[in-house]
Amino acid sequence: MINYNQIPSPCFVLDEVKFRNNLELIRSVKNQAGVEIILAFKAFAMWSAFPIVREYIPCSTASSLAEARLAFEEMGSPAHTYAPAYSEKEFDEIMQYSSHITFNSLAQFKKFYPRTQFYNISCGLRINPEFSDVGTDLYNPCSPGSRLGIIAEKLGDSLPAGVEGLHFHTLCESNSFDLERTLLVVEQKFGHLFSQIKWLNMGGGHLMTREGYNAEHLIQVLKAFKAKHPHLQLILEPGSAFAWRTGDLIATVLDIVENKGVKTAMLDVSFSCHMPDCLEMPYKPSIVGATDAAPGKPTYRMGGNSCLAGDFYGDWSFDKPLQPGDHIIFEDMIHYTMVKTTMFNGVSHPSIGIWTKDNEFRLVREFGYEDYKGRLS
């Protein structure tokens, strides 16, 4: 169990034991279903933990040149790369770090595919089945007019020469029944093209490590699909599932301010800078030892330390009043949250650490003035 008193504040902390438990489950699904499961860096790119990941899963997916290079250098394998658009100045370097490259449009495929023939790269197209169970528009790639993926009517009856795979991404922290419904639509709209390809990438959003997720049903769905299309290599690229509930953001109360009966705990972290997905989604994270606002209990809004007026979230209730110096532990802040942090306002950036399986804290990285200055000129 993590001893928060041994950890500097603020700090993102990965729990190695919980992380390995997730990896065990993911590997089990991979082996039982006979599919490829790879890590999506857009959700989790803590490369100090990649040696642990490689014990279970060898490959990853990238959405940019930087992520593709990180896959090559730190995961030790070329990336499955997809980006909404590739730039002329970056594409040649992207090829050096990629085993697969998926294109978002036919125009981009026609422009860049000829170059890939000098490399051992398998090329694909992202498709848009125009169907998704995702309820939050910000995370729904299949909403009308979406810029992501090619709809069926644009492809017709045959794929361009050189296309070896199709890729769809329609899920977000979804379950296996969402995938099952999506596959029916994908088969209906694009199944006539399956004989022309070697692989089908089912994207991310498969939250198989969430409590209550029916992993056995996922395995059966994948096995049934594979039985219908035995020539296809099936690929899943979850991100959140790898780091789901494996780490926290440790913060400290610096001050308590009150205005019109609203008490705000002023923290050494920022929602705007360090937890932007809370404001984007929006969603309310859990805090250790706190509940939703309850009558009669000490209740506080959490206030960030940037100058943005909207840098706050709340409210939470505690068993006793908060005091400056108290720890606030935001749960489940390793996936997506950590990769979205900024240094807006120059506020102190959280450190990164691992609580090891040997029950010790290992500080991986601290940030300072040079990190902030180096992002500007």
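Readers should treat all values here as calculations from the given coordinates under stated rules, not as data from a laboratory. Treat the numbers as computed from the prediction; the structure is a model and nothing was measured. Because the Cβ atoms are built from the backbone with ideal geometry, glycine has one as well, and the counts that use them run over all protein chains shown.
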Exercise. Calculate one ³J(HN,Hα) per residue across the range 283-294 by plugging θ = phi - 60° into the Karplus curve 6.51 cos²θ - 1.76 cosθ + 1.60, and present them in order as whole Hz with x for glycine and proline.
Key: 8, 9, x, 7, 10, 4, x, 10, 10, 4, 3, 10
Exercise. Over 23 Å between C-alpha atoms is what I'm after, so list which of Lys111/Lys228; Lys340/Lys373; Lys30/Lys284; Lys42/Lys223; Lys18/Lys226 land there.
Key: Lys111/Lys228; Lys30/Lys284; Lys42/Lys223; Lys18/Lys226
Quiz item: Within a Cβ distance under 11 Å of Pro58, other residues only, what is the Lys/Arg minus Asp/Glu net charge?
Solution: +1
Quiz item: Based on the Cβ-Cβ distance from Ser63 to Leu254, what FRET efficiency comes out when R0 is 51 Å, to the nearest 0.05?
Solution: 0.90
Exercise. Name the residues whose placed amide hydrogens come within less than 5 Å of the amide hydrogen of Gly205, ignoring near sequence neighbours (fewer than 5 apart) on the same chain.
Key: Glu173, Gly239, Ser240
Quiz item: trypsin sites (Lys or Arg not before Pro) within the range 302-364: which are DSSP loop residues with at most 15 other Cβ atoms inside 10 Å?
Solution: Lys357
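About its Cα centre, what dipole magnitude does the chain give when the only charges are +1 on Lys and Arg Cβ and -1 on Asp and Glu Cβ, stated in debye to the nearest 20?
Rounded to the nearest 20 debye, it is 720 debye.
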Quiz item: At what distance in angstrom do the alpha carbon centres of the range 317-377 and the range 2-72 lie from each other?
Solution: 18
Self-check item: Integer Hz, Karplus 6.51/-1.76/1.60 couplings in order for the range 269-274, x for Gly and Pro
Solution: 10, 10, 5, 5, 8, 10
Quiz item: Check Gly314: other-chain or 5+ apart residues with amide H under 5 Å from its amide H, H built from backbone geometry?
Solution: Met302
Practice problem: Please turn the phi angles of the range 53-69 into ³J(HN,Hα) values with the Karplus equation 6.51 cos²θ - 1.76 cosθ + 1.60 (θ = phi - 60°), one per residue in order, whole Hz, x for glycine and proline. | Solution: 4, 5, 5, 10, 9, x, 10, 8, 10, 10, 10, 6, 4, 4, 5, 4, 5
Quiz prompt | GluC sites (Glu not before Pro) restricted to DSSP loop in the range 200-263 with at most 16 other C-beta within 10 Å | solution = Glu211
Practice problem: List every residue whose amide H lies under 5 Å from the amide H of Cys11, counting only residues 5 or more places away in sequence or on a different chain, with H placed 1.01 Å from N in the peptide plane. | Solution: Ile250, Ser351
Quiz item: What net charge do the residues around His229 carry, taking every other residue with its C-beta under 14 Å from that of His229, with Lys and Arg at +1 and Asp and Glu at -1?
Solution: +3
Quiz item: Summing Lys, Arg as +1 and Asp, Glu as -1, what charge do residues with Cβ under 12 Å from the Cβ of Phe168 carry, Phe168 excluded?
Solution: -1
Exercise. Hey, for a label at Ala224 modelled as a point 7 Å past Cα toward Cβ, could you say which residues of the range 177-208 have their backbone N under 15 Å away?
Key: 177-188
Quiz prompt | Sparse-neighbour loop sites [GluC sites (Glu not before Pro); the range 1-101; at most 12 other C-beta within 10 Å; DSSP] | solution = Glu55
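Round to the nearest 0.05 the FRET efficiency obtained for Gln32 and Lys110 when R0 = 41 Å and r is the Cβ-Cβ distance.
After rounding, the FRET efficiency stands at 0.55.
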Quiz item: What aspartates and glutamates could a cross-link reach from Lys154, if we take a straight Cα to Cα line under 17 Å and drop same-chain neighbours fewer than 8 places away?
Solution: Glu130, Glu187
